[in-house]
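For reference, the structure discussed in these notes is given below.
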Amino acid sequence: MFYVYILKSKKDSELYIGSTNDLKKRIKQHKAGLVRSTKFRNPFILVYYEAYFSENDARRREQGLKLRGQARFHLKNRINKNLQET
């Protein structure tokens, strides 16, 4: 399985969107400060993820969320309650 995930920084409340084939391991790497793009924004909490059979599908979705504001807007609306509770 391949995953697209969204983390929320407790430090600055900003979201990080990523993809991986091992979600638990990747979250641990983020929390341990081993990911260069997020290590200064720790701590993080996982607020959302999607699972895909295909790596290409997961990467395409990740890029769509990062590059297309409309896709990110709709997803934020769908998970709004999760974002507010954290």
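Here are a few things to note about the model shown:
- Checking each residue in the range 1-18 for being under 19 Å from residue 55 (Cβ atoms) and not in a loop (DSSP other than H, G, I, E, B) picks out 2, 3, 4, 5, 6, 17, 18.
- Exclusive hit being without any contact (Cβ under 8 Å) to a residue 60 or more places away in the chain, surrounded by 13 or more Cβ atoms within 10 Å (Cβ to Cβ) and among the aliphatic types (A, V, I, L, M), set 58, 32, 51: 58
- Residues of the range 16-37 satisfying the condition of being at pLDDT 90 or above, of a type outside the set (D, E, K, R) and under 20 Å from residue 65 (Cα atoms): 16, 17, 18, 19, 20, 21, 23, 27, 30, 35
- In the range 35-48, the residues that are surrounded by 12 or more Cβ atoms within 10 Å (Cβ to Cβ) and part of a helix (DSSP H, G or I): 39, 41
- Residue list for the range 61-72, filter: part of a helix (DSSP H, G or I) and surrounded by 11 or more Cβ atoms within 10 Å (Cβ to Cβ): 61, 62, 63, 64, 65, 66, 71, 72
- Residue in the range 38-58 that is modelled with the highest pLDDT, counting only those that are out of contact with any Phe, Trp or Tyr (no Cβ under 8 Å at 6 or more places or on another chain) and under 21 Å from residue 2 (Cα atoms): 56
The values are calculated or read from the model by the stated rules, or taken from the named source; none is laboratory data. It should be emphasised that the depicted structure is a prediction, and the values quoted were computed from it without experimental measurement. Using ideal geometry, Cβ is built from the backbone for each residue, glycine included, and neighbour counts are taken over all protein chains shown.
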